[in-house]
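The values are calculated or read from the model by the stated rules, or taken from the named source; none is laboratory data. Because the structure is predicted, anything quoted here is derived from the model rather than measured. When we count neighbours, we look across all protein chains shown, and the Cβ atoms used for this are built from the backbone with ideal geometry, even at glycine.
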Amino acid sequence: MSVRILALVGSLRAGSHNRQLAEAAAKLAPEGAEVVIFEGLADVPFYNEDVDVEGSVPAAAAKLREAAQAADAFLLFSPEYNGTMPAVLKNAIDWLSRPFGAGAFGGKPVAVIGTAFGQYGGVWAQDDTRKSVGIAGGKVIEDIKLSIPGSMTRFAETHPADDTEVAGQLSEVVTRLHGVATEITAA
């Protein structure tokens, strides 16, 4: 059975190290797992209940929901902006939490990882992301964690996929998430 893992990247920057981590995760996915990076978070408007009405949901938000509904699991990549998650990632979580009680996360497994410039690798942002996605209905896998500090230095000249330590850790994250998703879908 193939497991589809939807990756949401909380950084829109062209040279984003979190985007590079997502690319590495896709490359390192074990057999039977497919990591798909969602393209288009920048196009999703800020969540507003007034526009979240059947038949008039903005196209970019509908595309996000469709991709999330098709996913078996989620891998969220969060940098840290001013001590918390970036707005683009929080906005995606808000859209996927609706409609209330039937959001796209719907008990599916979610892992949150990332890298940041600071000495702790964005742990505050990742903790906030776990809290938010858990409230939104995702089954947060609390013991799958990866926070890589010093991103601007560590990945200045090396893609995360080419960093042996990071590639090994990332491979373990994706393999464990795949395992949890497989167990849940088989149950």
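Here is how the numbers come out for the structure above:
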| item | result |
| --- | --- |
| Condition met for PHE38 (touching a helix residue (DSSP H, G or I) at 6+ places or on another chain (Cβ under 9 Å), of a type in the set (Phe, Trp, Tyr), at negative phi and surrounded by 14 or more Cβ atoms within 10 Å (Cβ to Cβ)) | yes |
| Options ILE93, ILE113: the member that is assigned to a strand (DSSP E or B), at pLDDT 95 or above and of a type outside the set (Lys, Arg) | ILE113 |
| Members of segment 92-111 found to be among the basic types (Lys, Arg) and either under 18 Å from ASP128 (Cα atoms) or within 15 Å of the chain's Cα centre (by Cα) (or both), listed by number | LYS108 |
| Which listed residue is modelled with pLDDT under 95 and more than 23 Å from LYS145 (Cβ to Cβ), from GLU31, GLU39, GLU66, GLU54 | GLU54 |
| Failed item in (1) touching a residue at least 40 places away in the same chain (Cβ under 8 Å); (2) outside any helix (DSSP H, G or I); (3) not aromatic (Phe, Trp, Tyr), with ALA24 passing the rest | (2) |
| Yes/no for THR185 being more than 19 Å from ALA29 (Cα to Cα), polar (S, T, N, Q) and not in a loop (DSSP other than H, G, I, E, B) | no |
| Residue in segment 146-158 that is part of a loop (DSSP other than H, G, I, E, B) and under 19 Å from the mean Cα position of the chain (by Cα) present | yes |
| SER78 being modelled with pLDDT of 95 or more, surrounded by 12 or more Cβ atoms within 10 Å (Cβ to Cβ), of a type in the set (Gly, Ala, Ser) and more than 24 Å from ALA181 (Cα to Cα) | no |
| Boolean, PHE117 is touching a residue at least 24 places away in the same chain (Cβ under 8 Å) and either buried (at least 16 other Cβ atoms within 10 Å of the Cβ) or among the basic types (Lys, Arg) (or both) | no |
| Hey, GLY134 among the small types (Gly, Ala, Ser) and surrounded by fewer than 17 Cβ atoms within 10 Å (Cβ to Cβ) or not | yes |
